[in-house]
Amino acid sequence: MKTATILAVRVGPELRTAVESVLSEGETLSQFVEASVRASVERRRVQAEFIARGLRARDAARATGDYVDADMVVAGLQRKLDAARASLAPARKTYRHTVRIDFSRPGKPTDNRHVETFNGSLRDECLNVHWFASMPEARASIEAWRQDCNEGRPHMALGNESPSDFARQSRHLPERRSALGAENQRFGRSEFPERIKKSHLSRNQWSEKSGQVN
């Protein structure tokens, strides 16, 4: 294949120095210029093809009428923006009226103890002991843990009974609810009895001592 010579281009000394500073080891200035020209030609060819495809798509959309007008897109985005601003209105009102929002203190999980307890149990007993290969597998494992926690596991607040057993007994003994509430309040002011202390054991120890199934 015949070769051709590209016209020499005069550049300032700063540009030549900058080009020479980025040359690879063993690369000449001519090789750098040739590689740069080839890359520029390829980039412009791809840009021209992209613009041509866009123009063809535009013409086809106009011919068939199957397209979304730019004004419709802008209007849809404006509606979403308005909805987001409306959702932030209560927060702005709170700020304007100097209402203090009480966040949990750093290092004080007891400020939000119910959520922190749930998060810790879910993490330690489910998320950290399973390897999820897919979303359906994760949903199935988490749902199994949720059912066990909500139905089969003993809870200290229910007198170390499972929620399902407590609900079943409560249907027959309505007064059990108020009695248990008073009992829990009494435990909060004094030492826990032995049967409540068992709830502080690990799940394996609980199984060994009480025969409950995890």
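Annotation note: of 30, 36, the sole residue that is surrounded by 10 or more Cβ atoms within 10 Å (Cβ to Cβ), polar (S, T, N, Q) and part of a helix (DSSP H, G or I) is 36.
In this structure, residue 119 does satisfy being surrounded by 12 or more Cβ atoms within 10 Å (Cβ to Cβ), out of contact with any Cys (no Cβ under 6 Å at 6 or more places or on another chain) and of a type outside the set (Ser, Thr, Tyr). Within the range 85-103, restricting attention to residues that are assigned to a helix (DSSP H, G or I) and closer than 25 Å to residue 115 by Cα, the residue that is modelled with the highest pLDDT is 87.
The values are calculated or read from the model by the stated rules, or taken from the named source; none is laboratory data. Everything numeric here is computed off the predicted structure, so don't read it as measured data. Here the Cβ is made from the backbone with ideal geometry for all residues, glycine too, and neighbour counts use every protein chain on show.
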